[in-house]
Amino acid sequence: MRRWHFIFLLSTVCSFSAFGPGFSQHMSAGPTAAEEPYKAQIDALRNSLRKYEDYKVAVRDLYLSTVGCVHYSGEKIAGYMEYAEGAMGVHFVNVTVHGPDPMKPNVLIYEPVGQNLKLVAVEWLVPLTSDTKKRPSLFGHPFMGPMEGHEPLIPKEYVHYDLHAWLFKNNPFGMFAATNPDVSCKGYDFAILEKPTKMMPGP
C-alpha cells in the first residue's frame, strides 16, 4: 500500500511542476453549517461529493494522494502565511481540474482515522499567473494567498491562492478556515509538521 502512496505522490508533484509559477488565515465566524445566501449551493456541493467518502473512488477519478498528513503548530513568522494550530489532513489532488469551479474542487482532504481515511474537507487551488487580475473568491469568501507552494508536498514555485471548505467535519475556526483543531495526524506514519508558507506579491 505504501508503494502506491508514493506513486501517487510522485505523479502529483510532477503534475504540479507542469503548472509553473503562477493574508493570513481567513477565520470565518460561526459554525461549519452553511449560511445563506450560499446554503443551497454548498449543500448541493456536499451531496455531489459524498461518493468520495470512499477514497478509492476519488483515486479512480484522478484525485491522487500526496501521502503526507499536514498539520501546523500555530507558529507565526513575519512575511509568511498564518495558520492556526491544527491540521489539514491528507490531500488528494486532481491536476486535471481547473477553475475555480464552485462545484468541482481540485483537492479532497482526508483525516487518517485508524486504518481508514475519512473525507473531511475540500480545497480549491488557483495558480497565480500573468493573467490574474484579482484575488479569487467563492461563496463570498476570498482565497488565501498568493503564496509559495507547500513544500515538501508541492514545489515552492507553484505560487497560488487557495480556499478550504470543511464540508464533512465541523471546524470551530469556521467552514472556510485553512486548519481545523479537531483534525489530527497523530499516529499516522506520514505526518508532516509544515512551516508557514511564504507570502508572495499579487493582486
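The values are calculated or read from the model by the stated rules, or taken from the named source; none is laboratory data. Not measured: the values here are computed from a predicted model. So basically every Cβ, Gly included, is an ideal-geometry build from the backbone, and we count neighbours across all protein chains shown.
Could you grab me the full set of residues in region 126-142 that are of a type in the set (Val, Ile, Thr) and either farther than 16 Å from Leu108 by Cα or buried (at least 23 other Cβ atoms within 10 Å of the Cβ) (or both)? Thr129, Thr132, listed by residue number. Among the residues of region 105-120, those identified as crowded, with 19+ Cβ neighbours inside 10 Å and farther than 15 Å from Pro136 by Cα are Val107, Leu108, Ile109, Tyr110, Glu111, Pro112, Leu117, Leu119, Val120.
In region 143-169, of all residues being at pLDDT 95 or above and surrounded by fewer than 20 Cβ atoms within 10 Å (Cβ to Cβ), the one that is nearest to Asp101 (Cα to Cα) corresponds to Lys169.
So that you can scan it fast, the table gives a plain yes or no per residue for (1) modelled with pLDDT of 95 or more; (2) surrounded by fewer than 18 Cβ atoms within 10 Å (Cβ to Cβ); (3) hydrophobic (A, V, I, L, M, F, W, C); (4) more than 26 Å from Pro172 (Cβ to Cβ):
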| site | (1), (2), (3), (4) |
| --- | --- |
| Leu45 | yes, no, yes, no |
| Val59 | yes, yes, yes, yes |
| Ala78 | yes, yes, yes, yes |
| Gly86 | yes, no, no, no |
| Met103 | yes, yes, yes, yes |
